[in-house]
Amino acid sequence: MLARLAEAVGASVDFLLRGGGRSAVGVAEASRTWDAALRPLLASTNLRLAARGKTSAQLNRAWQGLAEDRKDEVRTLVRRAAALAAAVEHLLPEASARAVNKEISAELTATIIDRILHRV
């Protein structure tokens, strides 16, 4: 099962077992779009990334040129947001959690865009 998950997210089984960090699969990462690289980190939550159109194309170009340490900072931010979303889902009633996590998704997307485009 872990092997299938690793294949689906473009990571090694060791990467999954370690709980993140730098992936040993740099080649697959180089060709992935920003949202394809980050979406697997949100798989266990109902958080979504939502940049569209010209912004998404601009983000893809910026993500490809982003230094690996900056990509790791963005990944860490996404992991923290996923943990926050899990806590919200655990603590609040379903409808309330869905509403809060929708707002977290919007703020997370805006923050990621700023970080990738070096605005922060």
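The values are calculated or read from the model by the stated rules, or taken from the named source; none is laboratory data. Worth saying up front: this structure is predicted, and the values here are computed from it rather than measured. Note: ideal-geometry Cβ built from the backbone for every residue, glycine included; neighbour counts use all protein chains shown.
Summary table below
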item: The stretch 29-60: number of residues that are surrounded by 12 or more Cβ atoms within 10 Å (Cβ to Cβ) and in a helix (DSSP H, G or I); result: 16
item: Residue check, residue 70 closer than 29 Å to residue 12 by Cα, touching a residue at least 40 places away in the same chain (Cβ under 8 Å) and more than 11 Å from the chain's Cα centre (by Cα); result: yes
item: Set 115, 80: member being out of contact with any Lys or Arg (no Cβ under 7 Å at 6 or more places or on another chain), part of a helix (DSSP H, G or I) and farther than 18 Å from residue 51 by Cβ; result: 80
item: The stretch 89-107 - residue that is of a type in the set (A, V, I, L, M, F, W, C) and more than 20 Å from residue 54 (Cβ to Cβ) and, of those, surrounded by the fewest Cβ atoms within 10 Å (Cβ to Cβ); result: 95
item: Selection status of residue 86, touching an Asp or Glu at 6+ places or on another chain (Cβ under 6 Å) and surrounded by 13 or more Cβ atoms within 10 Å (Cβ to Cβ); result: no
item: Search result, residues across the stretch 61-70 that are under 16 Å from residue 119 (Cβ atoms), touching a helix residue (DSSP H, G or I) at 6+ places or on another chain (Cβ under 8 Å) and part of a helix (DSSP H, G or I); result: 62, 63, 70
item: Counted residues, the stretch 3-54 - those being polar (S, T, N, Q) and modelled with pLDDT of 75 or more; result: 4
